[in-house]
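Engineer: Right, I'll just put the structure down here and ask away after.
Nothing in this text is a laboratory measurement; each read-out follows from the coordinates by a stated rule. Quantities reported herein were computed from a predicted structural model and do not represent experimental measurements. Don't worry about glycine lacking a Cβ; one is built from the backbone with ideal geometry, like all the others, and counts go over all protein chains shown.
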Amino acid sequence: MGILKKTYQCSMVITALFSAAFATSSYAADQTDVIYEKNYGDKWAFTFDRAVIICDRQAAFITDPMTDITYPLNGLAKTRIKASGKTAGNLDDVWKDDPSPYGVKIDLSPFIDKTLKLCE
């Protein structure tokens, strides 16, 4: 129970910091959720084992709660970061290679879809 409470508290702090850093209007707070590698198995696309996903008006972001680094998952998220003048992590640094076929990364679409559903 202590780990879940700490994870929830961490995600709330990250959300608050992220909202303040990237807010450009008076919309409601971002929609967030915590996801875990154990729930995705070989389909997990990141080098960290849990993440906070954030949807902000159709911009999809993922945060590594251990480093507090946020990464854009879609083009709109990249555009928002650039327009805000803030910086974010380089997704390629934490995006895992797919073991087959060689040279391809693990599919991000399940993570982008799950994140965007938070905005619905």
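Engineer: If you take every residue apart from Ser84 with its C-beta less than 12 Å away from the C-beta of Ser84, what net charge results, scoring Lys and Arg +1 and Asp and Glu -1? Numbers along the way, then the final one.
Structural biologist: On the way: positive: Lys78, Arg80, Lys82, Lys86; negative: Asp56.
Result for the neighbourhood of Ser84: +3.
Engineer: Further, regarding this structure: If r is the Cβ-Cβ distance from Asp97 to Thr67 and R0 is 30 Å, what FRET efficiency results, to the nearest 0.05?
Structural biologist: 0.90
Engineer: Answer with one residue from Pro101, Thr79, Leu91: the one whose Cα lies farthest towards the positive end of the charge dipole of region 59-120, charges on Cβ with Lys, Arg +1 and Asp, Glu -1.
Structural biologist: So the residue we want is Thr79.
Engineer: Between the DSSP loop rule and a limit of at most 15 other Cβ atoms within 10 Å, which trypsin sites (Lys or Arg not before Pro) in region 76-107 are left?
Structural biologist: Those that pass, being in a loop and sparsely packed, are Lys86, Lys96.
Engineer: Which of the chymotrypsin sites (Phe, Trp or Tyr not before Pro) across region 65-120 are loop residues per DSSP, with 11 or fewer other Cβ within 10 Å?
Structural biologist: Passing sites in region 65-120 are Tyr102.
Engineer: Shifting gears a bit: Among the aspartates and glutamates, which fall within straight-line cross-link reach of Lys96, defined as a Cα-Cα distance under 13 Å, with same-chain neighbours fewer than 8 residues apart omitted?
Structural biologist: Cross-link targets: Glu37, Asp42, Asp49, Asp107.
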